[in-house]
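Participant: Pasting a structure below so you can have a look.
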Amino acid sequence: MSTTTLPEVDTRPETTDKTGDDRPDMFHYVKKDRIAESAVLGNMVVALCGETFPVTKSPKPGSPVCPRCKEIFEGLPPGGGDGE
């Protein structure tokens, strides 16, 4: 049995050459019950700020948040207060 050394492999993520990244610029606040439905069925959701889009990504801690959505969310009463 002989031992062979494998050639060096570049394992860095390819981030420098990408220009068409599909990550959203920022994440929006959406009603929780609409998120799963949109992710599974592709239905459009409406964010608190009024932007309409299908849910395709999940935010991670530290992800940028839409400032208008955040402002509206912080002004809502605890529990949503809209009866839905």
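Participant: Please go through segment 29-53 and pick out each residue that is part of a loop (DSSP other than H, G, I, E, B) and either touching a His at 6+ places or on another chain (Cβ under 9 Å) or charged (D, E, K, R) (or both).
Facilitator: Passing the criteria: LYS31, ALA47, LEU48, CYS49, GLU51.
Participant: Cβ-Cβ under 7 Å, sequence separation 6+ or interchain: first residue in segment 65-84 and farther than 14 Å from GLU51 by Cβ and of a type in the set (Ser, Thr, Tyr), partner at pLDDT below 90 and loosely packed, with under 15 Cβ neighbours inside 10 Å. Which pairs?
Facilitator: Sorted first by the residue in segment 65-84, then by its partner, the list stays empty.
Participant: Considering only residues that are touching a residue at least 12 places away in the same chain (Cβ under 8 Å) and within 24 Å of GLY79 (Cα to Cα), look in segment 37-49 and name the one that is surrounded by the fewest Cβ atoms within 10 Å (Cβ to Cβ).
Facilitator: Going through the qualifying residues, I end up with VAL46.
The values are calculated or read from the model by the stated rules, or taken from the named source; none is laboratory data. The structure presented is a predicted model; accordingly, all values stated were derived computationally and were not measured. A quick note on method: Cβ atoms are made from the backbone with ideal geometry, for glycine too, and the neighbour counts reach across all protein chains shown.
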